[in-house]
Amino acid sequence: MTDAVLIARVLTDDDPQAFDELVERYQSPVRALLLRLTRSNQSLSDELAQDTFLQAYRSLRNFKGDARFSTWLHRLVVNTCLDGSRKSKSRERSEDPVDLARFADPASQDEDVARRQVASRVQAALSSLPAKLARRTRCRVGDRRGIGASRYGHDEFS
């Protein structure tokens with residue numbers, strides 16, 4: 001059965017078995033990607049995989065079919081991983097009321113989506129560089145942004 005048929009069954013018939021089949025079909029590639037993104041952190045990648053499929057189920061109505069389902073799901077995996085990284089960092093510092101107000105503003109949400117897309121492209125470009133050059137580039141990006149090289153160390157971008 002094709003992805004399109006399974007998606008249609010989930011959306012029109014609210015068929016849980018159809019979604020289970022999609023999960024079964026894409027579970028391995030999603031987990032493999034998350035293992036790479038989390039540097040082989042099994043427990044974190046398992047948690048993010050669960051979050052990804054939950055988000056996929058909740059957002060399935062937003063899937064327009066312009067791209068393959070696997071492409072759409074890949075984007076969800078990357079965004080879920082980025083969101084998970086942000087959430088863990090935000091737990092380390094207190095929440096700023098200005099940040100909370102930003103989430104209520106739809107324009108800033110669009111900016112966040114655009115920022116995520118740019119960050120993903122930068123990450124892909126850095127991943128294609130040799131390790132030594134990628135580290136040097138990360139430090140320079142951090143210095144130019146006035147954040148300091150340590151923030152853009154190996155853990156954040158690789």
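The values are calculated or read from the model by the stated rules, or taken from the named source; none is laboratory data. Model, not experiment: these values are computed from the prediction. Neighbour counts run over all protein chains shown; Cβ positions are idealised from the backbone, glycine included.
On the given criteria, is Gln55 among the polar types (S, T, N, Q), closer than 30 Å to Leu6 by Cβ and either outside the structural domain of Glu21 (by TED's automatic domain parsing) or modelled with pLDDT under 65 (or both)? No: the conditions fail for Gln55. If I ask for residues that are of a type in the set (Ser, Thr, Tyr) and more than 13 Å from the chain's Cα centre (by Cα), which ones from segment 26-60 would you list? If the condition is that a residue be of a type in the set (Ser, Thr, Tyr) and more than 13 Å from the chain's Cα centre (by Cα), then Tyr26, Ser28, Ser40, Ser43, Tyr57, Ser59 are the ones that fit.
Here Arg36 meets the list (1) without any contact (Cβ under 8 Å) to a residue 24 or more places away in the chain; (2) among the basic types (Lys, Arg); (3) not in a helix (DSSP H, G or I) almost entirely, failing just condition (3).
For segment 49-79, filtering for residues that are farther than 14 Å from Tyr26 by Cα, without any contact (Cβ under 8 Å) to a residue 60 or more places away in the chain and among the small types (Gly, Ala, Ser) leaves 2.
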